[in-house]
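K.L.:
I'd like to ask some things about the structure below.
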Amino acid sequence: MTSADIIIIGGGIAGMSAAYFLAQKGKKVIVLEREDQPGYHSTGRSAALYSETYGPKIIRKMSTASRSFFLTPPEGFTDHPILTPRGMMIAGMPGEEKELQELLTEGRANGADVQALSPAQIGELIPIIDTTQFIGGALEPAAMDIDVHALHWGFIRHFKQMNGEIITRADVAKIDKTDENWVITTSRNDQFSAPVIVNAAGAWVDEIAKAANVTPLGITPKRRTAVMVDLPAGINAEKWHMTATIDEGLYFKPDAGRLLVSPADATPTTPQDVQPEELDVAIAIDRLMTVTSLKVGRPGESWAGLRSFFADGDPVSGFDPAQNGFYWLAGQGGYGIQTAPAMGEFAACMICGEDIPAGMKKLGITQEALSPTRPGLLPEITEATS
Ligand SMILES: Cc1cc2nc3c(=O)[nH]c(=O)nc-3n(C[C@H](O)[C@H](O)[C@H](O)COP(=O)(O)OP(=O)(O)OC[C@H]3O[C@@H](n4cnc5c(N)ncnc54)[C@H](O)[C@@H]3O)c2cc1C
């Protein structure tokens, strides 16, 4: 039996960011990851965008709270910048005037630089777009590309340097509670024990809860598809912004000389090694060809990943109210990369019984907003008791 102060289940961006900040606080931490490599699931399948105007309120705050780590990571964390300029443009069609106006007003109210664009300006920025279909757009120039691999492996490398241990092919199968410790048994019958376990198993967090005799919080994994598309010779998309339609039916983004295209699908599914459906790939290509001049003969490689949400759309970071030492770190939805530094630090502070870091407090980040006991997280229970 190997023991530690804290065992983290899941070596994706959530688990590794928390592991890094906990190790910094001098804790002996073990991360158990089922796959051969950390990052095989959602973390390795994202669109890698950082936007401070994207997502629900608590996500936007966590993204802003992560900015300084991204821009000035600790010495030697990576050998090149984690964020690079990209910009994000959201375009509206006739009938979407109100939504477009709201996007501009809300973004500015949050202190972001969001600029209104005419159809002609959209065409200047993204020349393949059929501007006749759009009434205008909103540009967030400060949105960035995230080097997800550099971020994830920065956490991993530095965690290991602080004597943190990651054990891959460690499929957590059984979780028992003794008086003081949790005892984890993997499917290969290895055993680990610690007074605190962190459930950072992404789409599988409810399964981990059930194994530990903890009431699940009702996570819903949603499939999202991406497909690569070649650009015709002579088109250089390097400087194009990420482009999305306001109805959230399509986004595309330059990626190493090609376009990453998504139909922005969000199909509820079970936790699994999710694969793309041909129909979703076809929808992505069809929507792309409908609003641009591109003709796509044969799409390139495609993949799908899971974005996992709780009922109210907000993430959870907090101790389970009924089971001592069981910490939830889950439900980051489509924003787990851009919020990882702040979410990891917040979790480490809560697990160590410390106060919320001053910078996060200033942004209005509270324990209540991320609590597994907040109203609305379990709608059926809240309704039944109110
Ligand atoms: C197509 C797509 C686009 C996205 N775009 C963006 C974006 O632009 N910006 C952004 O910020 N976010 C984006 N996201 C969301 C982001 O990828 C996720 O929020 C984030 O990766 C979640 O990280 P995680 O560590 O919680 O989950 P995961 O990366 O899935 O990690 C969970 C880990 O737990 C492990 N695990 C599960 N069960 C067990 C077990 N029993 N024993 C041991 N280990 C176990 C799994 O193997 C897995 O490695 C996108 C997601 C998708 C799918």
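The values are calculated or read from the model by the stated rules, or taken from the named source; none is laboratory data. Fair warning: this is a prediction, and the values are worked out from it, not measured in the lab. Glycine also receives a Cβ, built like all others from the backbone with ideal geometry; neighbour counts cover every protein chain displayed. Side chains are part of the model used for accessible areas, which takes the heavy atoms of the whole protein and leaves out ligands, DNA and RNA. Shrake-Rupley method; radii C 1.70, N 1.55, O 1.52, S 1.80 Å.
K.L.:
Report the residue count in the range 35-51 for those that are more than 21 Å from residue 260 (Cα to Cα) and either assigned by TED's automatic domain parsing to the domain that holds residue 269 or open to solvent by 40 Å² or more (accessible area, probe 1.4 Å) (or both). Please lay out each step first, then the result.
P.N.:
Keep residues of the range 35-51 that are more than 21 Å from residue 260 (Cα to Cα), which gives 35-38.
Checking which are either assigned by TED's automatic domain parsing to the domain that holds residue 269 or open to solvent by 40 Å² or more (accessible area, probe 1.4 Å) (or both) leaves us with 35-37.
Total satisfying the criteria: 3.
K.L.:
Show the residue pairs that are 6+ apart or on different chains and have beta-carbon atoms under 8 Å apart, the first residue being within the range 156-185 and in the same structural domain as residue 345 (by TED's automatic domain parsing) and at pLDDT below 95, the second being more than 10 Å from the ligand (Cβ to nearest atom) and not aromatic (Phe, Trp, Tyr).
P.N.:
Cβ pairs passing all conditions: 178/193; 180/195.
K.L.:
Determine whether residue 32 is surrounded by fewer than 19 Cβ atoms within 10 Å (Cβ to Cβ) and of a type in the set (A, V, I, L, M, F, W, C).
P.N.:
Numbers: surrounded by fewer than 19 Cβ atoms within 10 Å (Cβ to Cβ): no; of a type in the set (A, V, I, L, M, F, W, C): yes.
When the stated conditions are applied, residue 32 does not pass them.
K.L.:
Which of the residues belonging to the range 41-72 are touching a residue at least 60 places away in the same chain (Cβ under 8 Å) and not in a helix (DSSP H, G or I)?
P.N.:
Answer for the range 41-72, where residues must be touching a residue at least 60 places away in the same chain (Cβ under 8 Å) and not in a helix (DSSP H, G or I): 41, 46, 47, 48, 49, 50, 51, 52, 53, 54, 55, 56.
K.L.:
Give the range 288-326 a look and list any residue that's part of a loop (DSSP other than H, G, I, E, B), of a type outside the set (A, V, I, L, M, F, W, C) and farther than 21 Å from residue 217 by Cβ, or say none. Give the derivation first.
P.N.:
To start, the set of residues in the range 288-326 that are part of a loop (DSSP other than H, G, I, E, B) comprises 293-301, 310-315, 320-325.
Now narrow it down to the ones that are of a type outside the set (A, V, I, L, M, F, W, C): 293, 295, 297-301, 312-315, 320-321, 323-325.
293, 295, 297, 298, 299, 300, 301 - these are the residues of the range 288-326 that are part of a loop (DSSP other than H, G, I, E, B), of a type outside the set (A, V, I, L, M, F, W, C) and farther than 21 Å from residue 217 by Cβ.
K.L.:
Oh, and also: Report the residue count in the range 324-352 for those that are within 18 Å of the chain's Cα centre (by Cα), open to solvent by 20 Å² or more (accessible area, probe 1.4 Å) and within 19 Å of residue 25 (Cα to Cα).
P.N.:
1
K.L.:
Same structure again: Is it the case that some residue within the range 198-209 is under 25 Å from the mean Cα position of the chain (by Cα), buried (at least 21 other Cβ atoms within 10 Å of the Cβ) and away from the ligand (no atom under 16 Å from the Cβ)? Break it down stepwise before answering.
P.N.:
At the first step, the residues of the range 198-209 found to be under 25 Å from the mean Cα position of the chain (by Cα) are 198-209.
Add one more test, that the residue is buried (at least 21 other Cβ atoms within 10 Å of the Cβ), and what stays is 198-206, 208-209.
Add one more test, that the residue is away from the ligand (no atom under 16 Å from the Cβ), and what stays is none.
Among the residues of the range 198-209, not one is under 25 Å from the mean Cα position of the chain (by Cα), buried (at least 21 other Cβ atoms within 10 Å of the Cβ) and away from the ligand (no atom under 16 Å from the Cβ), which makes the answer no.
K.L.:
Criterion first (hydroxyl-bearing (Ser, Thr, Tyr) and open to solvent by 30 Å² or more (accessible area, probe 1.4 Å)) does residue 187 satisfy it?
P.N.:
Values: hydroxyl-bearing (Ser, Thr, Tyr): yes; open to solvent by 30 Å² or more (accessible area, probe 1.4 Å): yes.
Taking the combined requirement at face value, the residue satisfies it.
K.L.:
Here's a check for you: in the range 210-243, which residue that is within 11 Å of the ligand (Cβ to nearest atom) and of a type in the set (Val, Ile, Thr) is nearest to residue 40 (Cα to Cα)?
P.N.:
Taking the candidates together, the pick is 225.
K.L.:
Here's a check for you: in the range 215-237, which residue that is of a type in the set (D, E, K, R) and more than 27 Å from residue 100 (Cβ to Cβ) is surrounded by the most Cβ atoms within 10 Å (Cβ to Cβ)?
P.N.:
Of all residues in the range 215-237, those of a type in the set (D, E, K, R) come to 222-224, 230.
When the remaining residues are screened for being more than 27 Å from residue 100 (Cβ to Cβ), the result is 223, 230.
Working: 223: 19, 230: 15.
Step by step, filter the range 215-237, then rank; the result is 223.
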